[in-house]
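Coordinate-derived values only; no laboratory data. The structure presented is a predicted model; accordingly, all values stated were derived computationally and were not measured. Every residue, glycine as well, gets a Cβ built from its backbone with ideal geometry; the counts of neighbours run over all protein chains shown.
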Amino acid sequence: MPTSGGDVAVLGELETSVFEASPIAILVHDPETGEILTVNDAAAKLIGYDVDQLVEMTVGDFSPGDAAQEQAKREIHNAVETGTNTLDWRIRRSDGTIITAEVQLRYVDSDGGKRMLAYVQDVTDRRKRERVLNELQRVATEMMEAETTAEIADLTTDAADTIIDLTNSSLRLYNPETDRLEVASITESAEAIVSKDLPPYEVGEGIVGTAFEREEVIFLDDPADEQLSDTEIRSAFAVPIGSYGVLAAGGTSRRSFSEADVEFAKLLANLTESALQQIEFNRKYRERTEELETILNNAPLVLYAIDEDGMITESRGKGLDAIGLEHRELVGQSTYDVYAEIPPILEMADRSLAGESVSDIVDFGNVWMELTQEPVLDEQGEVEQVIGVAVDVTEQKEIEQQFASLSESAVKMSEVHELSDAVELVVEIAEDLFHDAIVSYWGRGRDDDRLVLDATSSNIDMDEYTDESEVVHEAGDPVWQLYEEGTVITDNEFDPDKTASDAEIRSAIFAPAGDHGLLSIASSNSGAFDPHDEQLMGIMADFLAATLDRIEYEAQIREYQHELEQSNQDLEQFAYVASHDLQEPLRMVSSYMSLLEEEYRGELDDEADEYIDYAVDGADRMREMINALLDYSRIHTHGQDPELVHVGDAVEDTLDELRMHIDEHDATVEYGQLPTVTADPTQLRQVFQNLIKNAVEHGADDGPEVTISATDDGDCWEFSVTDDGDGIPVEDQGRLFDIFQTGSASGGTGIGLAVCKRIVSRHEGDIWVDSAEGEGTTFHFTVPKAVAATGGESDD
Amino acid sequence: MTEPYGDPVEILLAEDNPGDAKLTKKALERGQIANNLHVVTDGVETLKFLRQEGDYADESRPDLVLLDLNMPRKDGKEVLEEIKADDELKRIPVVVLTSSEAEEDIIQSYDLHANAYLTKPVDFDGFLDIIGRIEDFWLTVVKRPPE
């Protein structure tokens, strides 16, 4: 049975057993003197003295330092006052070590006297743990606030050193580029020990590499580690810090480290890991944010947001440069203020804020932007903000405008009828399309191999060209060759010496306009023209070529028309003169033959009478021919403007005039429904007269029957005059309408049909015959329903 | 044919074509009005006759002049102009009788104050017809200026 020292009278036997067996150190002392009255074994062990020694001592003897002793007294006094007190008490043990003990004091006032009971627990470790944890918490906060990996590394090794008492510690971080664990931080003490330069460890190498690889704490109690073999380190351990690196600590003696040390180190490693993670996360976050910022700020458009009141809350993107504004001028301003001068924007804002998705193209003066806005609704369905994008569509708009311009130009070009007008118009159009460019057109003369400057844009003063060589390009010179190439050529590095003029030309496009000439634009900047410009020039040059072709063609047509008119007039003039001049001799023959017949009737013999008859008959026929020739000659020069003519009336009039002739032949003329046409009334009657007369003469010998009818042919009326005569042999039909037809068996003047044909031609109709021997003859002719007044009316 | 009646009318025919002259004469012979036809063959003789100059001193002033336009020495238009400019002669009715149908000739003739313009017919029947009408109109119905 263990003996306890001290005053056994204080405790009964049971209490004494309890007292002595208690694992908790118990001291009983005199509160006034501090004299230790009794202790148990646990106390003795705790304090490091024998029980016998202890009962000779005072509590003050193992309070380290005067201050501590003073404090102790106060605490004891406190306990006396209040009855209990719990405090931390530092005890110096017999071997000199200092422990922290938690002491619970109880004041007992008993018969035996006043006693102070002290229950003592070694809380050194606990306190240390508490302290370490608190410190680590503080370090944690510091680490989380750290901004660099280096800071964290330093904080870690400092903490390892000062908080956990791992004086020889180092932190290695994994470098993915080198695939090595490199030293990031090291305590002074460690640095001193591991005296050589610290090389990086490979993954798997040494305790550090192994810890990292295996993701577990590795101990070393053996200096077999190559790296540590020639150092004083005799034991070490390495704690992995996630995938970032390793915290290592070493000691100069074997088994330097307790479990608690390792636990603390692991805790620290966790904190370090968190901190490093945070840094990594922050870095990634920052990088990502920067990436997004870069994207947003450099996007070739404008990204913006406005709040429910129309205030601009966000504005990003390079697109704003085009408008000449800066984002900071916009953010915080109201859309309605900033864009007060641009109503379409205000309207769009109104509509978007009302909940509508809108898109529109807006003119900002020097650029066109396409704005698209989307309202963002909150949970109640109200518009919370509007997000918008603005894209520069100036180029597209310009192209649109260019096309519109080109279309307009095409129309204008089609209305031009002079060569010089066409050329000037093209230069004007080109000047419009290509701002600031110098436009020139070099025309090729008809008969020579030269290109002469015909027109230039208004930004060139033609008067400055005093030298002929500036205005003319001979065959063979560089510009001529470009014309000969026949294709559009762009030269963005033009050598100004190629042209004789002083103009500083560094870019040019040459577009031949067919073989009419060369259209060119030039700029004083090099690289001024792109393929789109080349295409436009090609189109313009083709326009011009087509227009010039058309103008030439028109001129040729006019020439032909003129020649034709001239020819008509010549012919009719000739016919008139010839027939007129023939009248007089005819008159002589005709008149005197008549007189002869009359005055010498009965005085000449039958033979003479017969001679006279033939002569008179010949003269009569000649007269008819001359009249017909005269009629023929006057068809165009004396033609009237077409007017509405009732064909029925015209035929009636004609029949009246032919009454005698019809009666003489005992003919019947019938006709059906006849329409109204647009024609020269006199000439129409002439046609009917000739045809009816012919029909009457060539019809059946006894009572010829003539039929007139009309058929609707769609775009014209077809009239037919039919006789019941012997018909016209096919071989004679070809020359029927010729003016110089030799008299066929049918007789007649032979000019009548030529007159009909000419008149029908003048009316843009057709005339033809339908006949066969023994089957009668039908003459058909058409009069178009709407007849345009043809040329040839004369005013004399 | 009826006999012509009344005092004979003096008619001057200025015509260079003898064939045409004869036809006119023939037609007049067959006409209704008694007349004396005098013929001159060029413009100069026409004026001399009218002015009763030289060989024509004894001739009386004609009641009607039939004037061809195309004559040698002086053509019809010049003669017309002179006649109508001469106070003594301007009252005499002048009927242009010509083969020309040209509008210019017609216009000019009237501008020069011709009293009428007729185109020569193509045959004798035509002549008869035209002369008949001239007689009807100019020599019968129309009041001629007094001497």
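One table, with the values for the structure above:
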{"quantity": "Linear extension gain, A:Glu773 paired with A:Asp606, 0.36 nm per residue minus alpha-carbon span", "calculated": "56.3 nm"}
{"quantity": "Theoretical gain in end-to-end length, A:Leu14 to A:Arg255 [0.36 nm per residue, Cα-Cα removed]", "calculated": "82.5 nm"}
{"quantity": "Spatially proximal lysines relative to B:Lys84 (Cα-Cα < 24 Å; intrachain offsets below 8 disregarded)", "calculated": "B:Lys48, B:Lys74, B:Lys120, B:Lys143"}
{"quantity": "Residue-wise HN-Hα coupling along region A:651-660, computed from phi with Karplus coefficients 6.51, -1.76, 1.60 (Hz; x: Gly, Pro)", "calculated": "5, 4, 4, 4, 4, 4, 5, 8, 3, 4"}
{"quantity": "Long-range HN-HN contacts of A:Val358 with modeled amide H, under 5 Å", "calculated": "A:Gln373"}
{"quantity": "Anchor A:Lys128: aspartates and glutamates whose Cα lies under 12 Å away (excluding residues fewer than 8 positions away in-chain)", "calculated": "A:Asp165, A:Asp261"}
{"quantity": "Using θ = phi - 60° and Karplus 6.51 cos²θ - 1.76 cosθ + 1.60, couplings along region A:13-19 (whole Hz; Gly, Pro as x)", "calculated": "5, 5, 4, 5, 4, 4, 3"}
{"quantity": "Environment charge at A:Gly319 (Cβ cut-off 14 Å; Lys +1, Arg +1, Asp -1, Glu -1)", "calculated": "-4"}
{"quantity": "Neighbour-count ranking [beta-carbon atoms within 10 angstrom, fewest first] of A:His763, B:His113", "calculated": "B:His113, A:His763"}
{"quantity": "Fewest-first sequence of A:Cys756, A:Cys716 by Cβ atoms within 10 Å of each Cβ", "calculated": "A:Cys716, A:Cys756"}
{"quantity": "Pair A:Glu598, A:Glu280: separation of 7 Å Cα→Cβ label points (nm)", "calculated": "14.3"}
{"quantity": "Sequence-distant residues sharing a close amide H with A:Arg450 (under 5 Å, placed H)", "calculated": "A:Gly445"}
{"quantity": "Unit Cα scatterers, Debye sum, chain B: log10 I(q)/I(0) for q = 0.16 Å⁻¹", "calculated": "-0.83"}
{"quantity": "Nearest 10 degrees, 0 to 90: helix A:259-298 Cα axis against chain A principal axis", "calculated": "20"}
{"quantity": "Whole-Hz ³J(HN,Hα) from phi, Karplus 6.51 cos²θ - 1.76 cosθ + 1.60, for region A:356-371, glycine and proline x", "calculated": "9, 7, 10, 8, 7, 9, 10, 8, 9, x, 9, 9, 10, 10, 9, 9"}
{"quantity": "Cα-based helix-to-principal-axis angle, A:394-414 vs chain A, degrees rounded to 10", "calculated": "0"}
{"quantity": "Anisotropy class of region A:1-118 from Cα gyration tensor, a/c 1.5 cut", "calculated": "oblate"}
{"quantity": "Number of partner chain Cβ atoms within 10 Å, mean per residue of B:95-102", "calculated": "2"}
{"quantity": "Peptide-level mean, for A:592-602, of C-beta atoms on other protein chains within 10 Å", "calculated": "2"}
{"quantity": "Residues A:Val721, A:Val132, A:Val80, sorted so that the one with the fewest Cβ neighbours within 10 Å comes first", "calculated": "A:Val80, A:Val132, A:Val721"}
{"quantity": "Distance violations [Cα-Cα > 30 Å] among A:Lys45/A:Lys266; A:Lys284/A:Lys397; A:Lys412/A:Lys757; B:Lys25/B:Lys90; A:Lys757/B:Lys22", "calculated": "A:Lys45/A:Lys266; A:Lys284/A:Lys397; A:Lys412/A:Lys757; A:Lys757/B:Lys22"}
{"quantity": "Amide H partners (placed H, <5 Å) of A:Arg90, local residues excluded", "calculated": "A:Ala101"}
{"quantity": "Max mean-square fluctuation residue, GNM over chain B, Cα-Cα springs under 10 Å, options B:Leu12, B:Leu67, B:Leu23", "calculated": "B:Leu23"}
